[in-house]
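Engineer: Can you read through this structure? Questions will come right after.
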Amino acid sequence: MRWDAQALKPAPEAGAARSGSPGAAEDTAPSAGDGSRAAPATDALLPLIGLVRSVSTPEFAGVTFHEVTAKSVLNKVVAGSRMPFEWTINPYRGCSHACVYCFARKSHTYLDFDAGLDFDSQVVVKINAAEVLRRELAKPSWGRQHVALGTNTDPYQRAEGRYRLMPGIIGALADSGTPLSILTKGTLLARDIPLLKHAAAQVPVGVGISLAMTDERLSEAVEPGTPGPRARLKLVTRLREAGLPCGVMAMPILPWLSDSDEALDSLFGSLAAAGATGVTASALYLKPGTREWFMQWIAREHPRLAGKYRRLYGTGSYASKEYRDWLSGRIRHFKALHGFSGSHGFSHRNVDGDPDSNASGSIDPRDEEAQYPAGSIPGPAALAGARHGSHAAEAAQPTLF
């Protein structure tokens, strides 16, 4: 069937749109202008500003795409966050990867969707992202700061095969002299390897793959919309063979499901064999919105673990300190065994000190997910050169084994 024939709703009448912009700073919280309420998902998001149409098609069974024209796509990172980037772009909101543990689920509630099934099935698409981005990058005030993609929802989820937003975004960033990084689970990234190689000759480029398990059956259960582990490992190898860096974020490690010695040995051994430039790993993080959805899944699929998870996490977002200490030790052991010792790249929590400790010398649970592995983002020296207009193509970072 033709895609155009599947439109559910036309654009809203004038005055029906909610205030705020789909390109607002969505990685943290809704802006002050996001006070009005959108209609329920069943009403096809008619009040969303910039809505062109909502589309459902057999090609993407169970998923509705809400096509919007965004006024802005560059999102400023909140001051004081200490992230290794100042700007982000998320061409999609919501994600058909449907990872039960996804930390970004709560961000969907800013659009009056729920953090559970709606996050997986109601996807907002900024169809004019590349056009708007070029205008924003052309402003004299643009300082060519590092822009990160994939910080909230995956830019290479399945919809990208239809909408093809990323080639225009990558091209706009590279042409403007703007360093960029991409984090994804999507093997569709392979389509754009030639474009990324071209971009890397113009600006610093980082590439990160999210992969935390090699068990195909477990992956299918907890991240059903993603390419499986074997496919992502092949993508790591393809990126490295193309001369591009590729760090791997092995997050989350799932208590009692993917934290055994056998599972960790398989994970880090496979990543080393694939040629990853660096790896960071940490335990499952259950922030509000994610916690409720994940706990429902555990109770349904692994009822014998439900009580253990409740005791392990208590009322917070982090596993107990005892568990984190134990897991950190196992991760260090298997990283060393497979040649990844010292392969963490950058911690946004402790910029000036030991990335594994806070000021008092004890392990800070926030540091576990604050690591960006080597290759996943451009290094400080490369970024400094880019700001001064002196970037030359960097050699791909060597494998650390």
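Engineer: What Kirkwood hydrodynamic radius, in Å, does the range 141-256 give when the mean of 1/r is taken over all pairs of distinct Cα atoms and then inverted?
Structural biologist: Numbers: mean 1/r = 0.0676 Å⁻¹.
Result for the range 141-256, one decimal place: 14.8 Å.
Engineer: A follow-up question, please. Which pairs break 26 Å Cα to Cα here: Lys71/Lys234; Lys106/Lys308; Lys71/Lys197; Lys76/Lys234; Lys126/Lys234?
Structural biologist: Too far apart for the 26 Å limit: Lys71/Lys234; Lys71/Lys197; Lys76/Lys234; Lys126/Lys234.
Engineer: Rounded to a whole number, what % of the accessible area of the range 198-348 do carbon and sulfur atoms account for, probe 1.4 Å?
Structural biologist: Values: 3130 of 6120 Å².
Looking at the range 198-348 in its full context, I get 51 percent from C and S.
Engineer: Using 16 Å as the cut-off for backbone N distance, which residues of the range 231-263 belong to the label zone defined by a point 7 Å from the Cα of Leu337 along Cα→Cβ?
Structural biologist: Hits in the range 231-263 for Leu337 at 16 Å: 258-263.
Engineer: Treat the range 216-330 as a sphere of radius equal to its Kirkwood radius over Cα pairs and apply Stokes-Einstein at 10 °C in a medium of 1.306 mPa s; give the translational diffusion coefficient in µm²/s, rounded to a whole number.
Structural biologist: On the way: Rh = 15.4 Å.
Calculated translational D: 103 µm²/s.
Engineer: Still on this structure, please answer the following. Just the accessible area per residue of the range 150-214, please: how many Å² with a 1.4 Å probe?
Structural biologist: Details: 1650 Å² over 65 residues.
For the range 150-214, the per-residue accessible area is 25 Å².
Engineer: Of the listed peptides 298-306, 155-163, 204-212, what is their order by residue-averaged count of other C-beta atoms within 10 Å, with the highest listed first? It would help to have the intermediate numbers written out before the result.
Structural biologist: Details: 298-306: 13.6, 155-163: 20.6, 204-212: 26.9.
Order by mean packing, descending: 204-212, 155-163, 298-306.
Engineer: Still on this structure, I have one more. Whole-Å semi-axes of the range 59-188's equivalent ellipsoid, largest first, each the root of 5 times a Cα gyration tensor eigenvalue?
Structural biologist: Numbers: eigenvalues 120, 54, 35 Å².
In descending order the semi-axes read 25, 16, 13 Å.
Engineer: Apply the Karplus curve 6.51 cos²θ - 1.76 cosθ + 1.60, θ = phi - 60°, to the phi angles in the range 294-303 and return the couplings in whole Hz, x for Gly and Pro.
Structural biologist: In residue order, the calculated couplings are 5, 5, 5, 5, 4, 4, 7, 8, 9, x Hz.
Engineer: Give the span of the range 211-284's Cα atoms along each principal axis, as three whole-Å numbers ordered largest to smallest.
Structural biologist: 36, 23, 18
Engineer: If you average the alpha carbon positions of the range 160-187 and of the range 216-238, how far apart do those two centres end up, in angstrom?
Structural biologist: After rounding, the separation between the Cα centres reads 21 Å.
Engineer: Using a Förster radius of 30 Å, what is the FRET efficiency between Ala273 and Trp142 based on their Cβ-Cβ separation? Nearest 0.05, please.
Structural biologist: Values: r = 41 Å, r/R0 = 1.36.
After rounding to 0.05, the efficiency reads 0.15.
Engineer: Can you give me the long-range amide H partners of Leu254? Hydrogens built in the peptide plane at 1.01 Å from N, cutoff under 5 Å, separation of 5 or more residues or another chain.
Structural biologist: It is Asp259, by chain and number.
The values are calculated or read from the model by the stated rules, or taken from the named source; none is laboratory data. What you are looking at is a predicted structure, and each value in this text was computed from that prediction instead of being measured. Note that each Cβ is placed from the backbone with ideal geometry, even for glycine, and that neighbours are counted across all protein chains shown. SASA here: full protein model, heavy atoms, side chains in, ligands and nucleic acids out. Shrake-Rupley method; radii C 1.70, N 1.55, O 1.52, S 1.80 Å.
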